[in-house]
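Enquirer: Would you mind keeping the following structure in view while I ask a few things?
Derivation of every value follows stated rules applied to the coordinates shown; laboratory data play no part. What you are looking at is a predicted structure, and each value in this text was computed from that prediction instead of being measured. Neighbour counts are summed over all protein chains in view; Cβ atoms, including those assigned to glycine, are modelled from backbone coordinates with ideal geometry.
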Amino acid sequence: MSVFCGIDWAEQHHDVALVDPNGTLIAKARITDDAAGYQQLLGLLAEHGDTESEPIPVAIETSRGLLVAILRTGKRQVFAINPLAASRYRDRHGVSRKKSDPGDALVLANILRTDMHAHRPLPADSELAQSIAVLARAQQDAVWHRQQAANQLRSLLREFYPTALNAFITGRKGGLAHPEARAILAIAPTPTAAAKLTKPQIRAALKRGGRQRYTEAETKRLQEAFRAEHAHQPPLVEEAMGKQMLVLLQQLDAAAQGADSLAEAVESSFREHPDAQLITSFPGLGCLLGARILAEIGDDRDRFADARALKAYAGSAPVTRASGKKRYVGRRFVKNNRLTHAGYLWSFAAITVSPGANAHYRRRRDRGDWHAAAQRNLFNRMLGMLHHCLQHQIPYDEHRAFAPLLEATPA
């Protein structure tokens, strides 16, 4: 490499710095965040030797946005530098601790000049994999927003409408986010209104919520629960809380509909990917969870040097810290949190459907691991298998994956 580029990203403009192998600043500019600014940047890079076959590497403090998309075209390596890491490098060039945008661009360029081997470029994922990542992350965020809205609604109902909580949460799958619960609350925002509901009204609301079986039994159960004796807030206070509840219910409806719509889009896009059948061959991985896994690891086969690198990225592999006579082995805190969350769901589901995974989990528990540690260990092993299968394009085989454990398990 003969030239290195650093870009200090901002909302309205970006500062650009180019340095040579000796660290000499050979060019700098400030570009606007629009098409004209992007063309100015590409022209500046071309003036200093940027070609299609040998593009100039770029360091920037973000991995998203139109600027990054423009830079990632072709074979160019784009390095998303963590701002915390960049601030540590800043101290190498000055002790005043003063921050400036042109100075940060120069720092980023020098990071590539001196330590490019220690940083990982953005993966060369296919366009389909990138679109799946956008949809899968958005769907995961929608699920989290739906749960947050349900928690807010639950907190309010505890203050004036505990009957609804007992009717829809205790032992009920989906809780307040279930369509049936939302349909009933929409026509009965207060305990007083719920007590006046007739069976035809309840039956119609249940059908709007999607119920098809045991409608009469559920109608009877809800009417008896709503008409039972319970405490009340003062009438005006109860009415006001009912109006507040309806607003929260609207937010929950929107979050639930958004999560369902995105889930359909995720599954549709995921089925088109060449790795879909291979990923879903693993126990516990369906289309939605498999898409979340693919979204975080991508389909760039050269992204991870080996399975250990993938495990460290996911946070499933333990980390060892040693200094003098002290040695610590524990779980990783710096990791891809989305992949870790998906791995927890994956391992939990695999325990119930895979005899080998269940035997591995039980063996770890027998050795003294707590539930979370045993699940993390199982996820670590399954992730290594996934890396091997993706590299060699072979589906999962239960007997090859857990042969010793299956043979040792009593019938």
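Enquirer: Rounded to a whole number, what is D in µm²/s for segment 80-180 from Stokes-Einstein with the Kirkwood radius over alpha-carbon pairs (25 °C, 0.890 mPa s)?
Expert: 132
Enquirer: Report the dimensions of segment 154-272 along its three principal axes from the alpha-carbon atoms, largest first, rounded to Å.
Expert: Result for segment 154-272: principal-axis Cα extents of 56, 30, 23 Å.
Enquirer: Going by the alpha-carbon gyration tensor, a ≥ b ≥ c the square roots of its eigenvalues, is segment 352-411 rounded (a/c under 1.5) or, if a/c is not under 1.5, prolate (a/b greater than b/c) versus oblate?
Expert: In terms of gyration-tensor shape, oblate.
Enquirer: So for the chain, taking the charge dipole from beta-carbon charges (+1 Lys/Arg, -1 Asp/Glu), which of C5, A291, A357 sits furthest toward the positive end?
Expert: Working it through, the farthest residue towards the positive pole turns out to be A357.
Enquirer: Among R292, R72, R400, determine the one that fluctuates most according to a GNM of the chain built with springs between C-alpha atoms less than 10 Å apart.
Expert: Looking only at R292, R72, R400, the biggest GNM fluctuation is shown by R400.
Enquirer: For the chain, with only Lys/Arg (+1) and Asp/Glu (-1) charged at the beta-carbon, what is the dipole magnitude about the Cα centre, in debye rounded to 20? Walk me through the numbers before you get to the answer.
Expert: Values: 54 positive and 42 negative charges, 420 e Å.
With Lys and Arg at +1 and Asp and Glu at -1, about 2020 debye.
Enquirer: If one takes the longest principal axis of the Cα atoms in the chain, at what angle in degrees, from 0 to 90 and to the nearest 10, does the Cα axis of helix 355-366 lie?
Expert: 90
Enquirer: If you take the square roots of the eigenvalues of the alpha-carbon gyration tensor of segment 161-209 and sort them as a ≥ b ≥ c, do you get rounded (a/c under 1.5), prolate (a/b over b/c) or oblate?
Expert: Oblate is the answer for segment 161-209, as a/c is 1.5 or above yet b/c matches or exceeds a/b.
Enquirer: May I ask you to work out the translational diffusion coefficient for the chain at 10 °C, viscosity 1.306 mPa s, via Stokes-Einstein with Rh from the Kirkwood sum over Cα pairs, reported in whole µm²/s?
Expert: Translational diffusion coefficient: 62 µm²/s.
Enquirer: Here is a follow-up. DSSP beta bridges in the chain, what fraction antiparallel, as a percent rounded to 5?
Expert: 75
Enquirer: For the ranges 13-26, 378-391, what's the packing order if you count other beta-carbon atoms within 10 Å of each residue, average per peptide, and put the highest first?
Expert: 378-391, 13-26
Enquirer: Another one. Kindly provide the Kirkwood hydrodynamic radius of segment 260-411 in Å, to one decimal, from all pairs of distinct alpha carbon atoms.
Expert: Values: mean 1/r = 0.0613 Å⁻¹.
Hydrodynamic radius (Kirkwood, Cα pairs) of segment 260-411 is 16.3 Å.
Enquirer: Could you work out the Kirkwood radius for segment 316-360, taking every pair of different alpha carbons, averaging 1/r and inverting it, reported in Å?
Expert: Result for segment 316-360, one decimal place: 12.6 Å.
Enquirer: For segment 133-198 and segment 295-311, compute the distance between their C-alpha centroids and round to whole Å.
Expert: Spelled out, the Cα-based centre of one part sits 39 Å from the other.
Enquirer: To continue, here is another question. Can you tell me the 0 to 90 degree angle between the C-alpha axis of helix 215-226 and the longest principal axis of the chain, rounded to 10?
Expert: The helix 215-226 is inclined about 80 degrees to the chain.
Enquirer: Rounded, prolate or oblate: which fits segment 1-55 when a ≥ b ≥ c are the square roots of the eigenvalues of the alpha-carbon gyration tensor, with rounded for a/c under 1.5 and prolate only if a/b beats b/c?
Expert: It comes out oblate by the Cα gyration axes.
Enquirer: Express the relative contact order of segment 116-251 as a whole percentage, based on alpha carbon pairs under 8 Å and six or more residues apart in sequence.
Expert: Relative contact order comes out at 27 percent.
Enquirer: Let me ask another. Looking at segment 214-295, which chymotrypsin sites (Phe, Trp or Tyr not before Pro) are DSSP coil and have at most 13 other C-beta atoms within 10 Å of their C-beta?
Expert: Those satisfying the criteria are Y214.
Enquirer: Let me see the pair-distance distribution of segment 255-308: every alpha carbon pair, 10 Å bin width, integer percents in order.
Expert: For segment 255-308, the pair-distance distribution reads 23, 47, 25, 5, 0.
Enquirer: Can you give me the Cα centroid spacing of segment 243-283 and segment 47-112 in angstrom?
Expert: 35
Enquirer: On a 0 to 90 degree scale, rounded to 10, what angle separates helix 127-160 from the longest Cα axis of the chain?
Expert: The answer is roughly 40 degrees.
Enquirer: Only four residue types carry charge here, +1 at the Cβ of Lys and Arg and -1 at the Cβ of Asp and Glu. Report the dipole size of segment 183-242 about the Cα centre in Debye, rounded to the nearest 20.
Expert: In total the dipole reaches around 440 debye.
Enquirer: Please work out how much length the chain gains when fully extended from M385 to Q250, using 0.36 nm per residue of separation minus the C-alpha to C-alpha distance, in nm with one decimal.
Expert: Extra length from M385 to Q250 when fully extended: 44.2 nm.
Enquirer: Right, another one. To the nearest µm²/s, what D does Stokes-Einstein give for segment 39-118 at 4 °C and 1.567 mPa s, using the Kirkwood radius over alpha carbon pairs as Rh?
Expert: Result for D is 95 µm²/s.
Enquirer: Give me the number: length gained by fully extending E216 to H392, i.e. 0.36 nm times residue separation minus the C-alpha to C-alpha distance, one decimal in nm.
Expert: Fully extending the segment from E216 to H392 adds 57.9 nm.
Enquirer: Label points 7 Å out from Cα along the Cβ direction at A372 and K99: separation in nm?
Expert: About 3.1 nm, to one decimal.
Enquirer: Percent relative contact order of segment 33-93, based on C-alpha pairs within less than 8 angstrom and at least six residues apart?
Expert: Across segment 33-93, relative contact order equals 31 percent.
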